[in-house]
2 protein chains.
Amino acid sequence: MSWPAAATERRLIEIIRRAARRAPAVRVGIGDDCAVLEPAAGSALLATTDLLIEDVHFRRRWAPPTDIGWKSLAVNVSDIAAMGGRPRWGLIALACPEAVTIEEAEAFYSGVQALATEHGVAIVGGDTSASPKGWIINVTLLGEAVRAPLLRSTARVGDVIAVTGSLGRSAAGLALLEAAPVPAGLAEEARADVTAAHLRPRPRTREGLWLSEAGGVTAMIDLSDGLATDLGHLCEESRTGARVDLDRVPVQPSVHAVARALDRDALAWTTGGGEDYELLLTTAPDAFELLAGGLASATGTRLTAVGHMTSADEGIRYLDAAGRAVSVEPGFEHFVTGPARA
Amino acid sequence: MSWPAAATERRLIEIIRRAARRAPAVRVGIGDDCAVLEPAAGSALLATTDLLIEDVHFRRRWAPPTDIGWKSLAVNVSDIAAMGGRPRWGLIALACPEAVTIEEAEAFYSGVQALATEHGVAIVGGDTSASPKGWIINVTLLGEAVRAPLLRSTARVGDVIAVTGSLGRSAAGLALLEAAPVPAGLAEEARADVTAAHLRPRPRTREGLWLSEAGGVTAMIDLSDGLATDLGHLCEESRTGARVDLDRVPVQPSVHAVARALDRDALAWTTGGGEDYELLLTTAPDAFELLAGGLASATGTRLTAVGHMTSADEGIRYLDAAGRAVSVEPGFEHFVTGPARA
C-alpha cells in the first residue's frame with residue numbers, strides 16, 4: 001500500500017497518539033488543533049527547529065527510514081543539550097512521495113520514537129503531507145532549562161576550549177556512505193563505527209545537563225556544522241578570537257583508518273566536517289580539570305581541552321604540533337549547494 | 001544573486017533577529033542553538049506545526065512570496081485561535097531551490113512578519129536549507145492559553161453548531177487561481193475577494209480569544225480541511241453525530257459569482273472546500289444568541305448557527321431547505337494525491 005492514503009495518515013496518527021498518551025506534562029497530544037503542554041513553573045522554555053530534506057541532508061540509498069527518523073529528532077535534541085536543557089516535547093512533520101510504503105513510514109516513526117524514549121521526549125504533534133519529490137522532514141523540539149541556559153555569547157578571553165567525545169566520525173561515515181562500495185582492506189569495525197556516527201548520532205543530553213548543573217561552563221554550542229564553523233559562531237557571538245591546537249583534537253582510530261582507505265584527509269573531517277553533535281564549550285582555566293573529571297565519572301564521556309579563547313583581534317588560529325599555523329576550511333557541505341543550518 | 005548563498009542566510013537571519021529583538025518574553029531569539037522563551041506562569045502552552053510544500057499546498061505561478069509567507073504563519077495562527085489561545089512565538093524553516101533570489105526570500109519573510117505583527121507573534125527561530133525541487137516551508141507556532149483550551153472532544157448532543165464569517169471563499173479563490181485566465185464577465189470585486197481569501201487568509205485570533213473568555217463554547221476547531229472533514233473530526237472526537245442545515249451556511253455573493261463564472265458548484269466549496277480558517281464551534285443551545293451578539297459587538301465578526309449536534313448513531317447529515325438529505329463530499333484535495341493536514 002502506498003503513502004499517503006488517508007488510512008495511512010490515520011494509522012500514523014494512532015501510532016503517535018499512543019506514544020504521546022504516556023507522557024507527563026502533556027494535557028492534549030495529537031488529535032486536536034494544538035498540543036496542550038504544561039511547562040514547569042520557573043523554567044525557561046527552549047525551542048528549536050530543523051528541516052531535513054532528501055538529497056540535501058541524506059540519501060535514501062544509504063539511510064534506512066528508521067535512521068532518518070532517529071537522526072531527525074537527534075539533531076534537535078543536540079540543540080537543547082547545547083543549552084544545558086532537558087528535551088521535552090517534539091512535533092514531527094513528514095512529507096513523502098506516493099511510492100513510499102506504510103512500512104517505511106512506520107519505520108521512520110519507530111526511529112523517532114527510539115530516540116525520543118532514550119532522551120525523555122514526548123511526541124505531541126505533527127503534520128503529514130504528500131511530497132512531489134523526496135522525503136521532507138521537519139522536527140521542532142521544545143525543552144526546559146531549570147538553570148540559566150548556556151549560550152554561545154558568553155565565552156571570555158583566556159577560557160579553555162573543550163569538546164566532548166571525538167570529532168570527524170560523522171564526516172568519515174558520510175564519505176564512506178557516499179563512496180560505496182566499501183574500500184577493500186577497511187576493517188568492519190571502523191566502517192560500522194563511523195557510519196553509525198553519521199546515521200544514528202547520539203546527542204549529549206546527559207552531558208549537557210550535567211555541565212549546566214555543575215557550573216563553570218562559560219559558553220556552549222553543539223557541533224553540527226563542524227568545529228571551524230561552530231567555533232566561528234562561538235567567537236563571533238562572544239566577540240573573541242580562538243587558538244586551537246590541532247594535535248589535541250580527539251580523533252578515533254576509525255576515522256584515520258577510513259581516511260587512509262579512501263585516501264582522504266582526516267583533518268578536513270575533524271575540523272570542517274559537520275554532524276558530530278558533540279558539545280563544544282568553554283570554561284574558566286581553573287575549572288576545566290574538575291569539570292572533565294566530574295563529567296567522566298557521571299556520564300563516562302571524555303572532555304578534552306583543545307585550545308583557548310583569545311582576543312578578537314587575534315582571529316581564530318589553528319596550530320599544528322610544531323606551533324605552525326594551519327589553514328582550516330570552515331563549513332559543512334550539503335549535497336546541494338546551500339547554507340548550513342541556521 | 002541566487003539563493004541560498006551563505007551571505008543570504010546571514011542577511012535573512014539578521015532580518016529575523018531584528019524582528020525578534022523587540023519581542024517581550026523572549027530571552028534569546030535567533031542566534032543561539034535554541035530560542036529561550038519565558039511562558040507566563042499558570043498558562044498552558046499550545047504548540048502546532050505545519051508543512052507547506054510547493055505544488056502540494058500552493059503554486060508559485062499564482063502565489064507571490066509575500067503571500068506564501070503570510071499564509072504559512074496564518075494557518076498556524078488559526079490552530080492557536082481554535083483553542084482560544086494567544087499566539088506568541090513562531091519558528092520558520094524555509095528551503096528554496098538555487099534559482100530563488102534574495103528579493104523573493106526577503107518578500108517571503110516580510111509576509112511572515114506582516115501576519116506576525118498583526119497577531120502579536122514574535123519570530124524567534126528557524127532554519128534555512130537548499131531544496132532540490134520547489135519551496136518547502138515549515139512553521140511551528142507556540143501560544144498560550146490563560147483559560148482552559150477549547151478542544152474538539154467536548155461537544156454535547158443538542159449543542160448548536162456555529163461558524164464565524166462565511167465559507168467557500170478560499171476554495172472559490174483556489175479554483176479561480178488554477179483556472180487562470182479569469183473568466184470573462186466576472187466582477188473584479190468578486191475575483192479580488194475570493195483570491196485574497198485563499199492567498200492571505202485572516203485567522204480568527206481575536207474571535208477565538210473573545211469566545212474563550214466569554215465562556216459557553218463547548219468545543220471548537222478551525223476550518224482548514226473543509227466543513228465536512230472538520231465537523232467530522234469534531235463529531236468523532238466528541239462521539240456525537242451532527243445535523244447541518246445547508247441553507248443556513250453563510251456564503252458570500254462573491255462565491256456564487258465565481259461558481260457561475262466557472263460553471264462549478266458553490267456547495268462543494270462551502271462544505272468540502274478547505275482553508276477558510278474560520279472557526280467551527282458548538283455552544284449550549286441557550287448560549288448561542290448571547291455569544292453571537294457579543295462577538296459581533298466585540299470583533300465585528302458574525303457568528304452563524306448552521307445546525308446542531310445529534311447522537312452518534314444518527315451520523316452526520318446535511319439537509320437542504322426542504323429537509324432532504326444531501327450528499328456532501330468530505331475532504332480537501334491537495335494538488336498531489338495525499339492526506340489533508342493532521
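The values are calculated or read from the model by the stated rules, or taken from the named source; none is laboratory data. All values derive from a computational prediction rather than experimental measurement. Because the Cβ atoms are built from the backbone with ideal geometry, glycine has one as well, and the counts that use them run over all protein chains shown. Side chains are part of the model used for accessible areas, which takes the heavy atoms of the whole protein and leaves out ligands, DNA and RNA. Shrake-Rupley method; radii C 1.70, N 1.55, O 1.52, S 1.80 Å.
Brief remarks on what is shown
- Considering A:290, A:246, A:295, A:280, the condition of being within 14 Å of another protein chain (Cβ to nearest Cβ) and aliphatic (A, V, I, L, M) is satisfied by A:280 alone.
- For the stretch A:105-128, a tally of residues being in contact (Cβ under 8 Å) with a residue 60 or more places away in the chain and either polar (S, T, N, Q) or within 9 Å of chain B (Cβ to nearest Cβ) (or both) returns 5.
- Candidate set from the stretch A:31-63 (those that are more than 7 Å from chain B (Cβ to nearest Cβ) and either in a strand (DSSP E or B) or open to solvent by less than 30 Å² (accessible area, probe 1.4 Å) (or both)); member that is farthest from residue B:42 (Cα to Cα): A:62
- In the stretch A:202-214, the residues that are open to solvent by less than 50 Å² (accessible area, probe 1.4 Å) and either under 16 Å from residue A:121 (Cα atoms) or without any contact (Cβ under 8 Å) to a residue 12 or more places away in the chain (or both): A:203, A:204, A:205, A:208, A:209
- Among the residues making up the stretch A:295-320, those that are open to solvent by 20 Å² or more (accessible area, probe 1.4 Å) and not hydroxyl-bearing (Ser, Thr, Tyr) are A:296, A:298, A:300, A:302, A:308, A:312, A:313, A:314, A:315, A:316, A:317, A:320.
- Residue within the stretch A:60-72 that is under 13 Å from the mean Cα position of the chain (by Cα) and basic (Lys, Arg) present: yes
- Any hit, the stretch A:321-329, residues being in a strand (DSSP E or B) and either farther than 16 Å from residue A:223 by Cα or open to solvent by 10 Å² or more (accessible area, probe 1.4 Å) (or both): yes
- Of the residues making up the stretch A:124-159, those that are within 30 Å of residue A:244 (Cβ to Cβ) and more than 22 Å from the chain's Cα centre (by Cα) number 4.
- Residue list for the stretch B:68-87, filter: open to solvent by less than 10 Å² (accessible area, probe 1.4 Å) and not in a helix (DSSP H, G or I): B:82, B:83, B:84, B:85, B:87
- Condition broken by residue A:304, with the remaining ones in (1) assigned to a loop (DSSP other than H, G, I, E, B); (2) closer than 18 Å to residue A:221 by Cβ; (3) at pLDDT 95 or above satisfied: (1)
- Taking the criterion of being acidic (Asp, Glu) and more than 17 Å from residue A:276 (Cα to Cα), the residues of the stretch A:221-264 that qualify are A:236, A:237, A:245, A:247, A:263.
- Selection status of residue A:155, buried (at least 22 other Cβ atoms within 10 Å of the Cβ) and closer than 20 Å to residue A:74 by Cα: no
- All positions within the stretch A:129-142 that are at the interface with another protein chain (Cβ under 7 Å from one of its Cβ atoms) and surrounded by 24 or more Cβ atoms within 10 Å (Cβ to Cβ): A:129, A:131, A:136, A:138, A:140, A:142
- Taking the conditions (1) in contact with a strand residue (DSSP E or B) (Cβ under 7 Å, 6 or more places away or on another chain); (2) facing another protein chain (nearest Cβ under 8 Å); (3) farther than 30 Å from residue A:218 by Cα in turn, residue A:80 satisfies each one other than (3).
- All of A:202, A:206 fail the test of being part of a loop (DSSP other than H, G, I, E, B), charged (D, E, K, R), within 22 Å of residue A:301 (Cβ to Cβ) and under 21 Å from the mean Cα position of the chain (by Cα), apart from A:202.
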